[in-house]
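**Student:** I am attaching a structure below and will ask some questions about it afterwards.
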Amino acid sequence: MSNEVNEQELVEVLSAQTKVDPAVIRLVLKHEQAFINKAKANAKGEVDIDNDDLVDYVTAQRDVKLDELTVETILDAEMDYLMDKGLAGYID
């Protein structure tokens, strides 16, 4: 997550949209950040994250007790939020 993101606001928005407990959302976001930090940037400095790989990584963590659909819903809602704020986008 970028430093420009208000984490509290992000968690509140995601919780309202997904009906998932904010503490669980923070846990998913923590594992997502760990996955992204391990990803390699391309020549342009962009990091291409495969959503399926990310969902698999998060659901494989021992402290995550969510199904794949719920994790995917949280991550999709986060991407929508970040795109609305102009902080993220998809690589074609």
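**Student:** How much of the accessible area of the chain, probe 1.4 Å, is carbon plus sulfur, in whole percent? Show your work: numbers first, answer last.
**Tutor:** Details: 2880 of 6060 Å².
Solvent-exposed carbon and sulfur of the chain make up 47 percent of the total.
**Student:** Grab the DSSP H runs of the chain that are 4 residues or longer, score each as -39,500 (n - 2.57), total them, divide by all residues and round the 222 nm result to the nearest 500 deg cm²/dmol.
**Tutor:** Here the helix-only value at 222 nm equals -19500 deg cm²/dmol.
**Student:** Once the piece of chain linking E12 and L69 is laid out straight, how much longer is it, given 0.36 nm per residue of separation minus the C-alpha distance between them? Could the numbers behind the result be given before it?
**Tutor:** On the way: separation 57, 0.36 × 57 = 20.52 nm, distance 1.95 nm.
Length gained between E12 and L69: 18.6 nm.
**Student:** Express the accessible area of region 7-85 per residue in Å², computed with a 1.4 Å probe while the remaining protein chains stay in the model.
**Tutor:** Details: 4890 Å² over 79 residues.
Solvent-accessible surface per residue comes out at 62 Å².
**Student:** If you average 1/r over all unlike Cα pairs in region 7-85 and invert the result, what Kirkwood radius do you get in angstrom?
**Tutor:** 13.0 Å
**Student:** How big is the charge dipole of region 7-85 about its Cα centre, in debye rounded to the nearest 20, if each Lys and Arg gets +1 on its Cβ and each Asp and Glu gets -1 on its Cβ? Please report the intermediate quantities before stating the final value.
**Tutor:** On the way: 9 positive and 19 negative charges, 74 e Å.
It works out to roughly 360 debye.
**Student:** Once you place label points 7 Å from the Cα toward the Cβ at Q33 and M83, how far apart are they in nm?
**Tutor:** 2.3 nm
**Student:** Which is farthest toward the positive dipole end of region 7-85 among Y81, L14, I36, measuring Cα position about the Cα centre, with Cβ charges +1 (Lys, Arg) and -1 (Asp, Glu)?
**Tutor:** About the Cα centre, the residue reaching furthest to the positive side is I36.
The values are calculated or read from the model by the stated rules, or taken from the named source; none is laboratory data. Worth saying up front: this structure is predicted, and the values here are computed from it rather than measured. Here Cβ is always computed from backbone atoms with ideal geometry, including for glycine, and neighbour counts include all displayed protein chains. Heavy atoms of the whole protein, side chains included, go into the accessibility calculation; ligands, DNA and RNA do not. Shrake-Rupley method; radii C 1.70, N 1.55, O 1.52, S 1.80 Å.
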